[in-house]
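Have a look at the structure below, then the notes.
The values are calculated or read from the model by the stated rules, or taken from the named source; none is laboratory data. Keep in mind that what you see is a predicted model, and the values were worked out from it rather than measured. With ideal geometry, Cβ positions are generated from the backbone for all residues, glycine too; neighbour counts draw on all protein chains shown. The accessibility values were calculated without ligands, DNA or RNA, using every heavy atom of the protein model including side chains. Shrake-Rupley method; radii C 1.70, N 1.55, O 1.52, S 1.80 Å.
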Amino acid sequence: MAERISRFAAGVGTLVLLASMAGCGSGDDKPVPAAERSGDLTVWLTVDAQESWPDLVSEVNARFRKAYPKIKVRVQYQQWTSKNQKIDAALAGQQVPDVVEMGNSETTNYLVNGAFAPVDPAKFDHSEEWLGALKDACRMDGRTYCVPYYAGARVGIYRTDLLKKVGVAHAPRSYPELLADLDKLKRKFGAKDKNFSAFYMPGRYWYAAMAFVKDAGGEMAVKKDGRWHGALSSARSVAGLTAWKDLLEAYYVGDRSKDNGDEPAVVGQGRVGMFYGNTWEAKAATDSRSGGDPALRGRFATFAFPGPSGELLPPFLGGSTLAIPAKSENQDLAGDWIRMFTDRTAQRRLIAADTLPNNTAQLREVAAGGVNGPAARAAERGWVTPLAPGWGAVEKSNVLQEMLQDIATGKQSVADAAKAADHRIDAVINEN
């Protein structure tokens with residue numbers, strides 16, 4: 001999601017690149033003028049761009065074509081579920097794409113294994129204000145290996161009609177207000193319907209639970225003396241997990257052994273007062289294609305979710321970055337395409353598509369009263385999963401989900417479940 005006004009745009013049509021194409025290495029080689037460069041530039045984006053901002057892709061390709069009239073940009077759209085497998089296969093050979101989109105929680109192993117070429121942040125708009133959860137995912141050993149593209153943050157979502165019926169005129173602005181509103185919803189609607197949840201919070205919803213850990217000052221894992229260690233059993237992490245469990249215990253009625261994968265469909269059944277989710281889930285809860293109920297249209301609104309700490313609950317900051325494979329023979333061209341695709345004008349286009357920009361400066365351009373306004377407020381407190389070599393293995397083994405299920409179902413105490421999870425994390429987090 002991006003918009004641009006490039007500080008490098010002036011004169012780009014006559015830009016002369018200082019780097020020549022791979023394969024030209026003698027000291028007598030002269031830089032090739034932009035207008036004479038020829039060949040293909042292969043860009044792998046996920047289907048989000050194809051579905052939500054195809055016009056941005058077309059416009060940037062048109063700009064790029066003016067600068068490099070003989071270069072053909074070939075954009076290939078990838079599914080999130082198979083993208084990394086395809087990238088791994090390509091990187092193992094010699095025919096690699098020149099630009100690849102990566103989730104910000106996916107980059108670490110690629111950086112550790114030298115898969116991406118370094119980039120100079122100074123060449124990209126607002127690089128000094130890049131969101132930390134995106135910027136940090138691109139850095140290793142003091143160098144930058146990818147460029148933040150766009151972000152998304154979870155927020156509170158509530159039924160405006162139900163809050164009105166319990167005499168509440170606006171969304172909660174503090175944690176005590178949140179609890180008071182949930183108590184009112186529970187008393188009025190829960191008394192009549194045993195399946196009504198004032199707050200929807202399934203037991204395996206780890207993005208939500210870890211937000212409470214972060215709010216309490218805890219961590220999932222920390223690095224000490226060159227090695228990573230699980231940190232869920234620290235006093236602060238346990239305090240955050242306890243606050244999460246208390247909220248679940250008081251206001252959630254439902255299966256504690258499930259995750260949030262079908263959240264819009266469950267909310268669309270009309271038996272939920274509030275939930276914590278991505279901004280698009282408010283609309284999805286009213287869309288029959290995702291299991292929602294069209295009769296609920298116009299009855300949801302978003303709010304910046306307050307945390308027990310008194311600050312906004314720190315959301316997992318999902319998002320994407322753009323990287324250049326080290327084997328690419330068009331690294332200079334790839335960098336220039338990324339520059340255009342992530343500049344400030346492109347970021348404005350993404351804002352218009354209800355997506356968060358890659359930098360804090362343009363978060364202020366997100367309409368406060370719009371669906372993404374609360375997400376923009378929360379984004380500066382956003383976090384990403386530990387940038388450890390084996391974090392992918394931690395996620396694949398469902399350590400967090402199983403710990404949370406044990407806590408939610410009462411199988412283990414918070415402290416015991418967290419301690420067991422740390423042992424499991426320690427076993428794999430330093431592997432790559």
- request: Would you kindly give the portion of the calculated P(r) for segment 112-258 that falls above 21 Å, as a percent of all Cα pairs?
  value: 61 percent
query: When all C-alpha to C-alpha distances in segment 27-184 are sorted into bins of 5 Å, what percent of pairs does each bin hold, rounded to whole numbers?
result: 1, 7, 12, 14, 15, 14, 10, 7, 7, 5, 4, 2, 1, 1, 0, 0
- line: Here, segment 172-272 modelled as identical Cα point scatterers in vacuum has Debye log10 I(q)/I(0) at q = 0.10 Å⁻¹ of -0.34
- request: Distance between Cα centroids, segment 253-272 to segment 283-326: provide it in whole Å.
  value: 15 Å
- request: Among the lysines, select those whose C-alpha is under 30 Å from the C-alpha of Lys194, and discard any that sit fewer than 8 residues away in the same chain.
  value: Lys164, Lys165, Lys184, Lys186, Lys245, Lys258, Lys283, Lys411
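Considering only protein heavy atoms and a probe of 1.4 Å, how much of the accessible area of segment 65-182 is carbon and sulfur, as a whole percent?
On the way: 2580 of 5430 Å².
Within segment 65-182, the accessible surface is 47 percent carbon and sulfur.
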Centre separation in Å (Cα based) which lies between segment 28-87 and segment 155-229: 42 Å
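Could you list the square roots of 5 times each eigenvalue of the Cα gyration tensor of segment 111-183, that is, the equivalent ellipsoid semi-axes, sorted largest first and rounded to whole Å?
The answer is 44, 12, 10 Å, longest axis first.
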query: At a 1.4 Å probe radius, carbon and sulfur cover how many percent of the accessible area of segment 209-308?
result: 46 percent
query: Ignoring ligands, DNA and RNA, what percent of the accessible area of segment 350-432 is carbon or sulfur (1.4 Å)?
result: 47 percent
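Per residue, how large is the accessible surface of segment 199-239? Use a 1.4 angstrom probe and give square angstrom.
Normalised by residue count, the accessible surface of segment 199-239 is 39 Å².
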message: Can you show me the helix-derived [θ] at 222 nm for the chain, built from DSSP H runs with n ≥ 4 at -39,500 (n - 2.57) apiece and divided by the number of residues, rounded to the nearest 500.
response: -10000 deg cm²/dmol
- request: Evaluate Rg over Rh across segment 323-402, taking Cα atoms for both radii and Kirkwood's formula for Rh.
  value: 1.10
- prompt: When the Karplus curve 6.51 cos²θ - 1.76 cosθ + 1.60 is applied with θ = phi - 60°, which whole-Hz ³J(HN,Hα) does each residue of segment 223-239 get, with x for Gly and Pro?
  reply: 9, 9, 6, x, 10, 8, 9, x, 10, 6, 8, 5, 4, 5, 5, 5, 4
statement: Checking Asp183, Asp125, Asp193 against a Gaussian network model of the chain (alpha-carbon springs below 10 Å), the top fluctuating residue turns out to be Asp193
message: Please report the projected area of the chain's Cα convex hull averaged over all directions, in nm².
response: 21.6 nm²
statement: Over segment 319-418, with neighbouring protein chains present, the accessible area per residue in Å² at probe 1.4 Å is 34 Å²
query: What trypsin sites (Lys or Arg not before Pro) does segment 315-385 have in DSSP loop regions with at most 14 other beta carbons within 10 Å?
result: Arg364
